[in-house]
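These notes are about the structure you will find just below.
Since every read-out is calculated from the coordinates, none of them should be taken as a lab result. All figures in this text were calculated on a predicted structure; none of them were measured in a lab. Every residue, glycine as well, gets a Cβ built from its backbone with ideal geometry; the counts of neighbours run over all protein chains shown.
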Amino acid sequence: MTSEEGPRNDRKAVVMKQYYVYMMASYNQVLYIGMTSDLQRRVYQHKTKAHPDSFAARYNVNRLVYFETFNDVQDAITREKQIKAWRREKKLALLETENPHWKDLSLEWEGEGLNE
């Protein structure tokens, strides 16, 4: 290709990785705060108790009730640590501002095999 032909169009699109800080809950309102780069996979792991000896599995924490999205992993880690350090009342206020009925947000992900 010569310079008169213009720029090359075969460059691959830059895909920005996303990171998620999320809150899972049990029906007894036990909370779990986590961070991941693959929210659907991580929620599936919680729902299927892929790690049977984990806190989330022991307390049946299997409903995605809140999440935030970040483009920078350090921002996500900082936010996860911030929320984990909060008292339960503040965590509940954050959750209930966005999701007052504690609806399982993963139920909206059709065709993902999460809710079988």
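One table, with the values for the structure above:
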{"quantity": "Mean separation of Cα contacts under 8 Å, 6 or more apart, over the residue count of segment 34-116: relative contact order %", "calculated": "35"}
{"quantity": "Qualifying lysines (Cα of each under 23 Å from Cα of Lys90; at least 8 residues distant if same chain)", "calculated": "Lys81, Lys103"}
{"quantity": "Cβ-based exposure ranking for His101, His51, His46, in which fewest neighbours within 10 Å come first", "calculated": "His101, His51, His46"}
{"quantity": "Convex hull projection area averaged over all views, segment 19-108, Cα basis, nm²", "calculated": "5.6"}
{"quantity": "Whole-Hz couplings from phi, Karplus 6.51/-1.76/1.60, listed for segment 42-50; x for Gly and Pro", "calculated": "5, 5, 4, 4, 5, 5, 9, 6, 4"}
{"quantity": "Order of Tyr20, Tyr44 under a 10 Å beta carbon neighbour criterion, fewest first", "calculated": "Tyr44, Tyr20"}
{"quantity": "Neighbour net charge for Asn99 - beta-carbon separation under 13 angstrom, K R +1, D E -1", "calculated": "-2"}
